[in-house]
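Input: a single structure, listed below in structure tokens.
The values are calculated or read from the model by the stated rules, or taken from the named source; none is laboratory data. Being a predicted model, the structure only gives us computed values, none of them experimental. With ideal geometry, Cβ positions are generated from the backbone for all residues, glycine too; neighbour counts draw on all protein chains shown.
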Amino acid sequence: MNTVAGQGRDASPFTRRTVLAVVLAGFAIFVAMLYFIGAGDTGGNRNNGAAHGAAVGLNGYAGLARLLEGEGYDVSLSRSPAGLETSDLLILTPGLNADAEEIGQILENRQYIGPTLVILPKWLAGSPPRGTPSETANKFEEGWVVLGEPLGPDWTSELPSPFTFAQDGETRASGDNARWGGLNLSGDLPSNSVAYTDRSEGIERLVTAQDGRVLAFSVLGEEGTDYFEEAHWTVFVVEPDLMNNYGLSDASRARVALALVEEAGFGDGTSISFDLTLNGFGGSSNLLSLAFQPPFLAATLCLILASLIVGWRAFMRFGSVQAGAPEIAFGKDRLVRNGAGLIVRARRFGLLAEPYAALSQRRLGKALGIARPDAQSIDAALAARLPGEEPFSRRANRLAQAETASDILHAAQALKELEGKLTR
């Protein structure tokens, strides 16, 4: 049966378009995976019941983020320590056990970078306790929490000046919720528990309780200091129920939350970043993240382009390749030639002398019928068989003493000539 070159192989079950689509989809998914790993966004659950900008529980601030987006603000959630250096309004939501030294360092660094709004923690929160009726527990969605005991942080008194203050709290009689007022607004807190501070110096009171205790304030610093004259002011919200999801259930508290953001960010058009690193969602820089950042981004794009070119070239020749003849022939002759070529390249000709002399000795012994050939027995047999010929031992010694390639070749030819005379 006549065949054509390239036939005899099974045809590919896929068309070029199918293969191209699979390759492009796989390449896009691979690049996306590299990017998200480098950015630290690997799908971790941020709805863990804590109080931060992505939490939907009563103590969280996802509602505030959505409210600000609805008001036209550009809102982002920052998982990177580099986000702490933004010139936009930064909202910090540290936990009850936050590190005062770390918080103080962030606030000091931001004095000349941008405005900061710090919402203090208040509630112990968790999932429904054991014993909760199943019909009630089944209504809980992911991220929902049950508020426990109100408990203020003690690290605020350890902050550096001018940020230091003490947070206090009280729980009123049931049904007697505290009222608040400030920024031309007023209303009630959602519970009978209130967090406040009595600090009065170096601050501007923004929201207070009806008895004058401070619920939110802006840090002014001492008059005449660099902070007072030049720094971006920092706003502390001591009572988080003014801004958390629990508090935003009331329209008046939603309005005061917006007013506090405007006060901290100095008006409309402010971009806002909710920090998540203080809540355990920070991601450190790695080689992948650096690869997608200047100045390494240019090299990364070049590598991606080169990969596309290589992939396209491979796609254009997609299919089985006809097998050609082997570049290196098989067999003893090729093995010998390759071994000889290696010795020539290495210039180790002296390694050939002793093995060749031993090989020649065995061949001559076989030709002369000597069971256990040695130099003396071969010389004696040669003298009887070929009188007048140069003895084997002398030729072998000449090969062993040869140093240059030319001398080795001539000595080996003398032994080969002797073998030829015996086998004629």
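Mind checking whether some residue in the range 361-379 is charged (D, E, K, R) and more than 20 Å from Leu422 (Cα to Cα)? No, every residue in the range 361-379 fails to be charged (D, E, K, R) and more than 20 Å from Leu422 (Cα to Cα). Quick check on my filter: what residues within the range 339-380 are loosely packed, with under 12 Cβ neighbours inside 10 Å and polar (S, T, N, Q)? Within the range 339-380, just Gln376 meets the criteria. Residues that are basic (Lys, Arg) and within 14 Å of Ala264 (Cβ to Cβ) do not occur anywhere in the range 74-95.
Do we have any residue at all in the range 66-81 that's in a loop (DSSP other than H, G, I, E, B) and modelled with pLDDT under 85? Checked against the condition, which is being in a loop (DSSP other than H, G, I, E, B) and modelled with pLDDT under 85, the range 66-81 yields at least one hit. Given (1) in a loop (DSSP other than H, G, I, E, B); (2) modelled with pLDDT under 85, identify the lone condition not met by Val31. Answer for Val31: the failing condition is (1).
Each row is one residue, and each column tells you yes or no for (1) in a helix (DSSP H, G or I); (2) modelled with pLDDT under 80; (3) loosely packed, with under 15 Cβ neighbours inside 10 Å.
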site	(1), (2), (3)
Ile106	yes, no, no
Gly114	no, no, no
Pro121	no, no, no
Thr132	no, yes, yes
Glu135	yes, yes, yes
Gly143	no, yes, no
Leu147	no, yes, no
Gly152	no, no, no
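Scanning the range 82-96 for residues that are touching a residue at least 40 places away in the same chain (Cβ under 8 Å), of a type outside the set (Val, Ile, Thr) and not in a helix (DSSP H, G or I) returns Asp88, Leu89, Leu90, Leu92, Pro94, Gly95, Leu96. Within the range 277-329, being touching a Gly at 6+ places or on another chain (Cβ under 6 Å) and either at pLDDT 80 or above or exposed (fewer than 13 other Cβ atoms within 10 Å of the Cβ) (or both) holds for one residue alone: Gln322. The set of residues in the range 2-22 being modelled with pLDDT of 80 or more and hydrophobic (A, V, I, L, M, F, W, C) consists of Ala21, Val22.
Residues are listed down the side, and each one gets a yes or a no for (1) closer than 12 Å to Ala353 by Cβ; (2) free of Cβ contacts under 8 Å to residues at least 40 places away in the same chain; (3) among the aromatic types (Phe, Trp, Tyr); (4) not assigned by TED's automatic domain parsing to the domain that holds Gly350:
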| residue | (1), (2), (3), (4) |
| --- | --- |
| Gly369 | no, yes, no, no |
| Ala380 | no, yes, no, no |
| Ala383 | no, yes, no, no |
| Pro387 | no, yes, no, no |
| Ser393 | no, yes, no, no |
| Ala396 | yes, yes, no, no |
| Ala402 | yes, no, no, no |
| Gln413 | no, yes, no, no |
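Every residue, every condition in (1) more than 46 Å from the chain's Cα centre (by Cα); (2) under 30 Å from Gln105 (Cβ atoms); (3) at pLDDT 85 or above, yes or no:
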residue: Arg179; (1), (2), (3): yes, no, yes
residue: Leu189; (1), (2), (3): no, no, yes
residue: Ser193; (1), (2), (3): no, no, yes
residue: Glu201; (1), (2), (3): yes, yes, yes
residue: Gln210; (1), (2), (3): yes, no, yes
